Amino acid sequence: MVGLLARIFIRNYSDYGDPDVRRGYGMVCGALGVAINVALCVFKFVFGMAVSSVAMVADALNNLTDAASSAVQMVGFKMASKGPDGRHPYGHGRVEYVAGLVISFLIVYVGLELVRKSASAFSSPREVSISVPSVAVMAVSMAAKLYMFLFNRRVGRRISSVAMEATAMDSLGDVAVTAVALAGMSFSRLTDFPLDAVGGALVGVFILRNGVVSFRGTVSPLIGEGASAGLVGEIERVALSHPPIFEIHDVMVHDYGPGRMVVSLHAEVPGNVDVFVLHDALDAAERDISQKFGCQALIHMDPVDVGNGRLMEIRGIVREEAGKVDPGLKVHDVRMVETHEGRRLYFELLRPPALGISDRELGERVRSAVQERVPEAECVVREINTAYI
């Protein structure tokens, strides 16, 4: 059904990277979620009142909460699609993460309530009855919720939406709740032990876990997580395809929400090439990166004295010694500068995040090793950064 609705309501529905297509899927899936949950709510409420089933009426109200989650998803996608304004120059894309966060809180709330009610039922067990109509209602509910889980997860992964993945986990939790309730009702005639209460508690813990996982997945991009090594590698590959750029470092990727990415990096270029040629090459690289990754790109130029044979040799020495400390340690901005105090060799280090020594110790180990091999200049580690990915 989602595929049919997408073909009807979403132009270029297969272009998942397009912001308008993402918004369209968010709205279509959210509206479908509201419709299914409201229908289940009415269905269970009417049937529950007819058979005087408190549990079924409570489950109907839970579906009303799920409809609210789908509505939150729709609002999140709608607000996230707003462009930049005076107070938000990078747009409103992170609102989608906030929507996912709200849904995560709803999942955690449902899990806590289920654990609480299960504990109450365990201490004060009551007789549980089962009938063919009640089983039919539960089966319909499970099928509908399983369908919601599948389409929200599938579409959420295609458009990289944490909000839709959170909604999918919420639906999966509902399937588990109904399944355990059905199992408890089925086995209640075989024993006086409150199996439904124990099962409810276990499902509550399962839902809580899903809520925490969903919470972590939505909070991380809000805090500001690094880009994947694969994405950074692709950005570097595109930049290096534009000569005379011959080396890239300090790649930074800022995520302001889906489709709202800003990329900055430093490009090393030969210092003996005409500055206008260099400017044109960097402009071309910026345009290429922006088009390929749907982002804003900014490249800083670092000229290198490639005609200085000794300096190029020293660059190799610094990298060799840094590699002895850790293969993931990178070197850039190697400069030989004449000062009134004498000649100085400056360079910067980019350390991998997992390197288990302090910046001070790292800098001294590399500096002293280089100093032994480059005695004609005072070696200075100008800066140590953590890899931005």
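The values are calculated or read from the model by the stated rules, or taken from the named source; none is laboratory data. Source: prediction; values computed, not measured. As a convention, Cβ positions derive from the backbone with ideal geometry for all residues, glycine included, and neighbour counts pool all protein chains shown. Protein only, heavy atoms only, side chains kept; ligands, DNA and RNA dropped before computing areas. Shrake-Rupley method; radii C 1.70, N 1.55, O 1.52, S 1.80 Å.
Here the spin labels are modelled as points 7 Å beyond Cα on the Cα-Cβ line, and at S241 and I223 they lie 3.5 nm apart.
Rounded to the nearest whole Hz, the Karplus-based 3J(HN,Hα) values (6.51 cos²θ - 1.76 cosθ + 1.60, θ = phi - 60°) of the range 24-39 follow the sequence x, 5, x, 6, 5, 5, x, 5, 5, x, 4, 4, 5, 5, 5, 4, with x at glycine and proline. Peptide packing: for 339-350, 34-45, 240-251, the average count of neighbouring Cβ atoms within 10 Å per residue gives the ranking 34-45, 240-251, 339-350, highest mean first. With a cut-off of 12 Å between beta carbons, the residues surrounding V253 carry a summed charge of -4, where Lys and Arg count +1 and Asp and Glu -1. You can think of it this way: the chain between R216 and D305 has 27.4 nm of extra reach, that is 0.36 nm per residue less the Cα-Cα gap.
Any idea what the alpha-carbon Rg over 2.2 N^0.38 Å comes to for the range 62-123?
Relative to the rule-of-thumb radius for its length, the range 62-123 sits at 1.56.
Say R0 is 35 Å: what FRET efficiency, to the nearest 0.05, do R87 and A119 get from their beta-carbon distance? Before the final figure, lay out each step's value.
Details: r = 46 Å, r/R0 = 1.33.
E between R87 and A119, to the nearest 0.05, is 0.15.
Over the chain, what percent of the accessible surface lies on carbon and sulfur atoms, probe 1.4 Å?
On the way: 12060 of 19930 Å².
Roughly 61 percent, rounded to a whole number.
These residues, E378, E236, E321, go from largest to smallest accessible area, 1.4 Å probe, as E378, E236, E321.
If packing is taken as the average number of other Cβ atoms within 10 Å across a peptide's residues, how do 8-20, 159-171 rank, most packed first?
Numbers: 8-20: 13.6, 159-171: 26.0.
With the highest mean Cβ count within 10 Å placed first, the list reads 159-171, 8-20.
Separation of the range 243-288 and the range 1-52, taken as the distance between their Cα centroids, equals 42 angstrom. Summarising the label geometry, the points placed 7 Å from Cα in the beta-carbon direction at V262 and V275 lie 2.6 nm from one another.
Taking the Cβ of F347 as the centre, find all other residues whose Cβ is under 10 Å away and add up their charges (Lys, Arg: +1; Asp, Glu: -1). The partial results should precede the final answer.
Numbers: positive: R315, R319, R335, R367, R382; negative: D333, E348, E383.
Net charge in that neighbourhood comes out at +2.
So if we plug the beta-carbon distance of S358 and A183 into 1/(1 + (r/R0)^6) with R0 = 56 Å, what FRET efficiency do we get, rounded to 0.05? Let's see the in-between values first.
Values: r = 55 Å, r/R0 = 0.99.
About 0.50, to the nearest 0.05.
Give the lysines whose C-alpha is closer than 29 Å to that of K145, dropping any in the same chain fewer than 8 places away, or say none. Reachable lysines: K44, K78, K117.
Using DSSP, restrict attention to beta bridges with both residues in the chain and report what percent are antiparallel, rounded to the nearest 5. The answer is about 45 percent antiparallel.
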